[in-house]
1. Give K37/K67; K37/K146; K150/K204; K134/K160; K134/K213; K38/K150 a once-over and call out the pairs whose C-alpha atoms are over 21 Å from each other.
2. Compute the relative contact order of the chain as a whole-number percentage, counting only Cα pairs closer than 8 Å that sit 6 or more residues apart in sequence.
3. I'd like the antiparallel share, as a percent to the nearest 5, of DSSP beta bridges with both residues in the chain.
4. Return the calculated 222 nm mean residue ellipticity for the chain, to the nearest 500 deg cm²/dmol, obtained by summing -39500 (n - 2.57) across DSSP H runs with n ≥ 4 and dividing by the residue count.
5. Which of I151, I144 comes first, and how do the rest follow, when ranked by fewest Cβ neighbours within 10 Å?
6. Show me the trypsin sites (Lys or Arg not before Pro) within region 1-73 that DSSP assigns to loop and that have at most 11 other Cβ atoms within 10 Å of their Cβ.
7. Which whole number of Å³ per residue matches the convex hull of the alpha-carbon atoms in region 93-144?
8. Could you check the spin-label model distance between E183 and S62? Points 7 Å from the Cα along Cα→Cβ, value in nm.
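Derivation of every value follows stated rules applied to the coordinates shown; laboratory data play no part. Remember, predicted model here, so these are calculated numbers, not experimental data. Quick reminder, even Gly has a Cβ in these numbers, built from the backbone with ideal geometry, and neighbours come from all protein chains shown.
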Amino acid sequence: KLSARLQAIADLVPKNARLADIGSDHGYLPAWLVLNKKIPFAVAGEVVEGPYASARSLVASSNLQDKIDVRLGDGLEVITASDNIDVITIAGMGGSLIREILQRGQDTEQLTGQETLILQPNVGEYTLRRWLAKAGYGIIHEEILKEDDKIYEIIVAVKKSDACSYSQKELFFGPILLENQTEIFYEKWQKQLEKHQYILAGLKKAGQRDQEKISRTEEKIEWMKELLI
Ligand code: SAM
């Protein structure tokens with residue numbers, strides 16, 4: 001059984017997708033998808049030996065060797081053209097790490113633009129959305145959920161032929177989450193409001209001379225207040 005977070009990601013993977021799960025750790029997500037006959041094939045990529053070994057042993061003990069290929073490597077470098085990957089999941093890392101993995105994948109052309117990206121940044125959602133928008137991706141779906149007192153966001157993106165433009169506010173809150181505000185969304189931003197107010201007080205107290213930094217924090221606080229009214 002998957003955790004609520006991984007289950008929400010699994011539910012977004014289209015049936016019969018050829019999946020690359022990057023940073024797969026134990027390999028739970030591709031194993032669940034294949035065992036439940038949702039997908040025929042997956043690459044599970046891992047850059048660290050320990051998780052790579054545990055994904056391999058899960059795949060072996062579940063007899064999935066011909067359906068899940070566990071590969072050791074950095075980011076999207078584990079993908080080859082003959083894999084015909086059409087969905088990439090990258091979950092449970094910071095948004096800036098996910099962004100770097102995608103950028104490097106774009107540089108090496110292992111990210112072709114044909115794939116649906118299902119991303120679950122633990123933090124740094126803004127940074128990731130900004131990269132997606134710049135790289136020509138449109139955000140087609142977003143979810144927010146809570147598990148064990150932690151709030152997670154999932155972002156689904158596909159490359160668009162026409163330019164996508166999002167406002168700063170949309171990149172910050174999530175264009176789709178903003179349209180469809182849930183209790184958990186409010187809970188997240190209530191906490192973030194308190195955190196930013198604390199940060200602002202700290203900046204002022206420390207005699208921060210970077211006025212731009214203060215203004216940016218103030219602007220975000222304004223947005224959060226508007227949202228929470
Ligand atoms: N994706 C799983 C999930 O959401 O539950 C595992 C998340 S785990 C916290 C993050 C995993 O990403 C770790 O196993 C780590 O070794 C792996 N990782 C970090 N950077 C990576 C990279 N550049 N390429 C591949 N895997 C990476």
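1. Exceeds cut-off: K37/K146; K150/K204; K134/K213; K38/K150.
2. It comes to 14 percent, rounded to a whole number.
3. Bridges in the chain are about 40 percent antiparallel.
4. After summing the helix terms and dividing by the residues of the chain, the value is -14000 deg cm²/dmol.
5. I151, I144
6. Answer in residue order: K1, K15, K37.
7. Cα-based convex hull of region 93-144, divided per residue, equals 73 Å³.
8. It is 3.2 nm.
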